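Engineer: So that we are looking at the same thing, I have put the structure below in structure tokens.
The values are calculated or read from the model by the stated rules, or taken from the named source; none is laboratory data. Being a predicted model, the structure only gives us computed values, none of them experimental. Cβ atoms come from the backbone with ideal geometry, glycine included; neighbour counts cover every protein chain shown.
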Amino acid sequence: MRSVVPGWLFLVLVFLTRCAAQTPAPAQPAQAIQTDRNVTGQILCYAINSPDIIYVGTSDGIFRSTDAGKTWIALAQDLVDQAVHSINLSERTVFAATEGVGILRSTDDGNQWGPANTGVSTKYILSIAIDGTRVFAGTTNGGVFMSENAGANWLDVHEGLPKDANVYSLAVVGATIYAGTQRGVFTSPSSSLRWSKITDMHQPPVPAMWTDRIVP
């Protein structure tokens with residue numbers, strides 16, 4: 001026997017089918033953002049932990065990608081709207097140099113952050129460098145601080161730097177530390193931590209320095 005669907009029931013079925021087809025897909029997690037739209041602010045620095053894990057510091061905070069830059073996550077509520085001038089990392093520990101809240105540290109790949117400013121006299125941090133168990137932080141007005149316990153506390157090691165020097169960049173090569181400032185480049189043996197200039201004092205700022213091992 002041939003079945004017949006009443007007209008009103010047919011219209012209801014069509015309506016329900018169309019509504020099901022138009023149901024939006026589940027929303028993406030709020031923190032998952034596209035690199036070409038939502039990494040906000042001016043990019044100031046970056047750090048790479050592996051081919052897939054990348055950290056980017058901007059004038060609006062810090063972002064992390066775990067898929068080689070396809071998507072990004074905004075990290076740390078304390079870093080929202082804060083300029084992040086430098087990022088450095090060692091294994092799972094990540095340091096962020098900020099302009100306003102000082103040094104922030106994460107020990108779990110950037111998931112949770114906390115201040116690491118004990119012994120640091122300013123909250124305006126411009127650069128971070130890691131040398132084995134030591135961490136160095138460059139600041140405004142001639143300050144360089146060193147931690148020998150992963151940022152738990154810091155010592156002032158600015159001897160030899162001009163008082164008005166902003167330490168925009170730090171780099172470590174072997175037993176030598178380099179500091180890039182608006183007064184030129186300064187160097188210090190890691191054993192004595194006394195700075196001396198190696199370039200002309202009247203130079204533009206040195207915002208970044210990159211080092212790598214030299215293989216004969």
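Engineer: Which members of segment 154-175 meet the condition of being of a type in the set (Ser, Thr, Tyr) and not in a strand (DSSP E or B)?
Structural biologist: Within segment 154-175, just 168 meets the criteria.
Engineer: Among the numbered criteria (1) modelled with pLDDT of 90 or more; (2) under 11 Å from the mean Cα position of the chain (by Cα), which single criterion is violated by residue 76?
Structural biologist: Every condition holds for residue 76 apart from (1).
Engineer: Applying the selection to segment 88-99, what residues are buried (at least 22 other Cβ atoms within 10 Å of the Cβ) and under 14 Å from residue 151 (Cα atoms)? Can you show your working first?
Structural biologist: Of the residues in segment 88-99, the ones buried (at least 22 other Cβ atoms within 10 Å of the Cβ) are 94-98.
The answer is 94, 95, 96, 97.
Engineer: Which fully enclosed strands (runs of 3 or more DSSP E) of segment 112-153 have 1 or more residues being in contact with a helix residue (DSSP H, G or I) (Cβ under 8 Å, 6 or more places away or on another chain) and closer than 15 Å to residue 100 by Cβ? Reasoning before the result, please.
Structural biologist: Values: elements: 125-131, 134-139, 144-147.
No strands (runs of 3 or more DSSP E) qualify here.
Engineer: Taking residue 102 as the residue in question, decide whether it is surrounded by fewer than 23 Cβ atoms within 10 Å (Cβ to Cβ) and either in contact with a Cys (Cβ under 6 Å, 6 or more places away or on another chain) or on the phi > 0 side of the Ramachandran plot (or both).
Structural biologist: Numbers: surrounded by fewer than 23 Cβ atoms within 10 Å (Cβ to Cβ): yes; either in contact with a Cys (Cβ under 6 Å, 6 or more places away or on another chain) or on the phi > 0 side of the Ramachandran plot (or both): yes.
Against the criterion (surrounded by fewer than 23 Cβ atoms within 10 Å (Cβ to Cβ) and either in contact with a Cys (Cβ under 6 Å, 6 or more places away or on another chain) or on the phi > 0 side of the Ramachandran plot (or both)), residue 102 qualifies.
Engineer: Pairs only if they're at least six apart or on different chains, beta carbon under 7 angstrom, first in segment 117-146 and under 13 Å from residue 177 (Cβ atoms), second of a type in the set (D, E, K, R); list them, first residue then second.
Structural biologist: 134/148; 145/156; 146/134
Engineer: Just wondering, is there one or more residues in segment 51-58 that are touching a helix residue (DSSP H, G or I) at 6+ places or on another chain (Cβ under 8 Å), surrounded by fewer than 22 Cβ atoms within 10 Å (Cβ to Cβ) and in a loop (DSSP other than H, G, I, E, B)?
Structural biologist: As a first pass, look at segment 51-58 and keep what is touching a helix residue (DSSP H, G or I) at 6+ places or on another chain (Cβ under 8 Å): none.
No; the residues of segment 51-58 include none that is touching a helix residue (DSSP H, G or I) at 6+ places or on another chain (Cβ under 8 Å), surrounded by fewer than 22 Cβ atoms within 10 Å (Cβ to Cβ) and in a loop (DSSP other than H, G, I, E, B).
Engineer: Next question. I need the full set of residues from segment 176-193 which are in a loop (DSSP other than H, G, I, E, B), in contact with a strand residue (DSSP E or B) (Cβ under 8 Å, 6 or more places away or on another chain) and under 15 Å from residue 148 (Cβ atoms), in order please.
Structural biologist: Our first condition is that a residue be in a loop (DSSP other than H, G, I, E, B); within segment 176-193, this holds for 182-183, 190-193.
Restricting the remaining residues to those that are in contact with a strand residue (DSSP E or B) (Cβ under 8 Å, 6 or more places away or on another chain) gives 183, 190, 193.
Those that are in a loop (DSSP other than H, G, I, E, B), in contact with a strand residue (DSSP E or B) (Cβ under 8 Å, 6 or more places away or on another chain) and under 15 Å from residue 148 (Cβ atoms): 190, 193.
Engineer: Any residue that is within 19 Å of residue 84 (Cβ to Cβ) and either of a type in the set (Gly, Ala, Ser) or buried (at least 23 other Cβ atoms within 10 Å of the Cβ) (or both) - is there at least one of those in segment 175-188? Explain how you work it out, then say what you get.
Structural biologist: Going residue by residue through segment 175-188, those that are within 19 Å of residue 84 (Cβ to Cβ) are 180.
Restricting the remaining residues to those that are either of a type in the set (Gly, Ala, Ser) or buried (at least 23 other Cβ atoms within 10 Å of the Cβ) (or both) gives 180.
Among the residues of segment 175-188, at least one is within 19 Å of residue 84 (Cβ to Cβ) and either of a type in the set (Gly, Ala, Ser) or buried (at least 23 other Cβ atoms within 10 Å of the Cβ) (or both), which makes the answer yes.
Engineer: Would you mention how many residues in segment 147-165 are under 22 Å from the mean Cα position of the chain (by Cα) and buried (at least 22 other Cβ atoms within 10 Å of the Cβ)? Outline the logic, then answer.
Structural biologist: Looking only at segment 147-165, we keep the residues that are under 22 Å from the mean Cα position of the chain (by Cα), and these are 147-154.
From what's left, buried (at least 22 other Cβ atoms within 10 Å of the Cβ): 147, 151, 154.
So the count comes out to 3.
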